[in-house]
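So the structure is just underneath, and the comments pick up after that.
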């Protein structure tokens, strides 16, 4: 189906566009190379009364077996990774379709600190503010200056400064209070070039000891650690057919922590946990899964848990979305029954 400037395809399988390699077809599918083509595609969707879904790198996505009866907008906006000096800061304004790791490597090669711990995370630049992507002690919100997006209520492009994006742990206004209102087309990142890396994550402090590594050294160490945990997308490796960490680390009350301790006959101090705002406590979801019997290498049909990372649910070769759902549901139910904690799914679910 052809329009003046965009190519609307029909019945396009979505599985190849996801890191899980799972999912049925999109009724309509369009690659978005420019902001004007985005507007044209939205006009098509509205004229045909179609729901839309915005697809980036497909790394945080679980598509149902039935697929999506609507229009999938595959954001492939591209451009150079070019730094701009502003006062004492360095800024990068990047189209949403740029591969995230490509940007991280470029920043680290310039000796700039701020995103080195986010190396190896699959997906695109445009997806990072939506989930407030974080790993190994860093969150992308720490370096985002502003987000450019199309406001679907007005069909005008807006530039939202960091403070208006509602960033919190794995959250932003894009996936909570204003879910479905904005389509990210570009992100501006701001760095302090005089900043030195500050390592807080145990795996990294063990790796470097007392050394003071450069950003590029941390970049390679993070990728090495992610690879060892099966959290690096490597073609041919079964453990990499995942959507990354499938469950968010739950934030609970102190009473819940004490309930977990009583259930496991442990002292609260023996349970790994970290304080958060408002006297709440973050618990490691992977630790809870293991205590509930869902260990590395666990298998349920063609779905399973990575042999190297407890939080990664994997496609063992020919898994359907229904099989991933079954494993997810079993994990959530057992953890809730034992610990009174409802684990929250991290990947976006389509269909």
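In this structure, residue 62 does not qualify as modelled with pLDDT of 95 or more and closer than 19 Å to residue 155 by Cα. Against the condition surrounded by 15 or more Cβ atoms within 10 Å (Cβ to Cβ) and under 18 Å from the mean Cα position of the chain (by Cα), how does residue 63 come out, does it pass? Against the criterion (surrounded by 15 or more Cβ atoms within 10 Å (Cβ to Cβ) and under 18 Å from the mean Cα position of the chain (by Cα)), residue 63 qualifies.
For the range 211-253, a tally of residues being assigned to a helix (DSSP H, G or I) and closer than 25 Å to residue 63 by Cβ returns 4. Taking the criterion of being touching a residue at least 60 places away in the same chain (Cβ under 8 Å) and more than 30 Å from residue 237 (Cα to Cα), the only residue of the range 1-31 that qualifies is 8. Do we find that residue 78 is in contact (Cβ under 8 Å) with a residue 40 or more places away in the chain, surrounded by fewer than 21 Cβ atoms within 10 Å (Cβ to Cβ), out of contact with any strand residue (DSSP E or B) (no Cβ under 8 Å at 6 or more places or on another chain) and not in a strand (DSSP E or B) in this structure? When the stated conditions are applied, residue 78 does not pass them. Scanning for something farther than 22 Å from residue 90 by Cβ and touching a helix residue (DSSP H, G or I) at 6+ places or on another chain (Cβ under 9 Å), does the range 186-198 turn up at least one residue? Scanning the range 186-198, I find no residue that is farther than 22 Å from residue 90 by Cβ and touching a helix residue (DSSP H, G or I) at 6+ places or on another chain (Cβ under 9 Å), so the answer is no.
Applying the set (1) in contact with a strand residue (DSSP E or B) (Cβ under 6 Å, 6 or more places away or on another chain); (2) within 25 Å of residue 333 (Cβ to Cβ) to residue 260 leaves exactly one unmet item: (1).
Can you find a residue that is at pLDDT 95 or above and either part of a loop (DSSP other than H, G, I, E, B) or assigned by TED's automatic domain parsing to the domain that holds residue 185 (or both) anywhere in the range 36-45? The answer is no, given that none of the residues of the range 36-45 is at pLDDT 95 or above and either part of a loop (DSSP other than H, G, I, E, B) or assigned by TED's automatic domain parsing to the domain that holds residue 185 (or both). Could you tell me whether the range 254-277 includes any residue that is in a loop (DSSP other than H, G, I, E, B), crowded, with 19+ Cβ neighbours inside 10 Å and modelled with pLDDT of 95 or more? Checked against the condition, which is being in a loop (DSSP other than H, G, I, E, B), crowded, with 19+ Cβ neighbours inside 10 Å and modelled with pLDDT of 95 or more, the range 254-277 yields no hits at all. Residue 133 versus (1) in contact with a helix residue (DSSP H, G or I) (Cβ under 6 Å, 6 or more places away or on another chain); (2) at pLDDT 95 or above: which is the lone unmet condition? Looking at each condition in turn, residue 133 falls short on (2). Mind checking which residues of the range 205-238 are in contact (Cβ under 8 Å) with a residue 24 or more places away in the chain, surrounded by 16 or more Cβ atoms within 10 Å (Cβ to Cβ) and farther than 14 Å from residue 116 by Cα? The answer is 227, 229, 230, 231, 232, 233.
The values are calculated or read from the model by the stated rules, or taken from the named source; none is laboratory data. It should be emphasised that the depicted structure is a prediction, and the values quoted were computed from it without experimental measurement. When we count neighbours, we look across all protein chains shown, and the Cβ atoms used for this are built from the backbone with ideal geometry, even at glycine.
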